[in-house]
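Accompanying notes for the structure given below.
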Amino acid sequence: MKPIASITRRKFIRVSFFLFIGILILIFALLPFEHIVRRIIKNDLNSLKINDEIIDKFIKEALNNGYLSSFDAKKKWLIRIYDRLPVGWVKFPFEGKYHQYRSEIIADFLLSTDFFLNGMDEQKQINYLGFYNPYSRPCSNPFSNLFYSRV
């Protein structure tokens with residue numbers, strides 16, 4: 001009769017490490033992408049006066065218009081992973097792409113509000129106008145010099 005093989009400390013640590021990594025990946029996979037987008041908007045625009053209802057309206061309309069589904073699986077995973085990494089301390093691959101996707105989300109959110117129409121006044125309460133689509137609001141140019149005072 002053979003004795004039952006005992007597990008060594010090294011094997012236990014290795015198995016525990018891979019189990020921990022697997023659980024983290026599973027948590028990332030189960031967390032809806034909308035929550036990541038909400039966290040990005042709240043973190044990047046925390047100095048602005050934005051109600052949570054406005055962010056919820058944007059995400060709801062972004063889902064209805066297919067905006068969030070325009071991010072393919074690779075982009076979503078990149079955003080999910082980099083959202084949790086301490087970006088800035090160490091250079092990771094594709095960090096520039098992450099900043100580009102994050103900036104696109106923030107820009108589309110701000111264009112969906114009256115932030116630019118109010119002259120980018122950070123003290124005013126931001127109101128939601130509707131999901132920004134240049135084809136449905138072609139006459140509104142938030143970057144026009146008519147909205148900003150001359151310095």
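The values are calculated or read from the model by the stated rules, or taken from the named source; none is laboratory data. Predicted model only: the values in this text are computed from it and were never measured. All Cβ positions, even for glycine, are placed from backbone atoms using ideal geometry, and neighbour counts span all protein chains on display. Note: accessible area is taken over every heavy atom of the protein model, side chains too, but ligands, DNA and RNA are not part of it. Shrake-Rupley method; radii C 1.70, N 1.55, O 1.52, S 1.80 Å.
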At a Förster distance of 30 Å, what's the computed FRET efficiency of V15 paired with W77, Cβ-Cβ distance as r, to 0.05? 0.75
Which order do Y98, Y67 take by accessible area at a 1.4 Å probe, largest first? Y67, Y98
Going through the cross-link list K60/K97; K49/K97; K42/K124, which pairs have a Cα-Cα distance over 19 Å in this structure? K60/K97; K49/K97
Distance (nanometres) between label positions extended 7 Å along Cα→Cβ at L117 and L24: 4.4 nm
Once amide H atoms are placed 1.01 Å from N in the peptide plane, what residues at a sequence separation of 5 or more from T113, or on another chain, have their amide H within under 5 Å of its amide H? L129
Using all C-alpha to C-alpha distances in segment 42-116, build P(r) with 5 Å bins and read off the rounded percent in each one. 3, 13, 23, 23, 19, 12, 5, 0
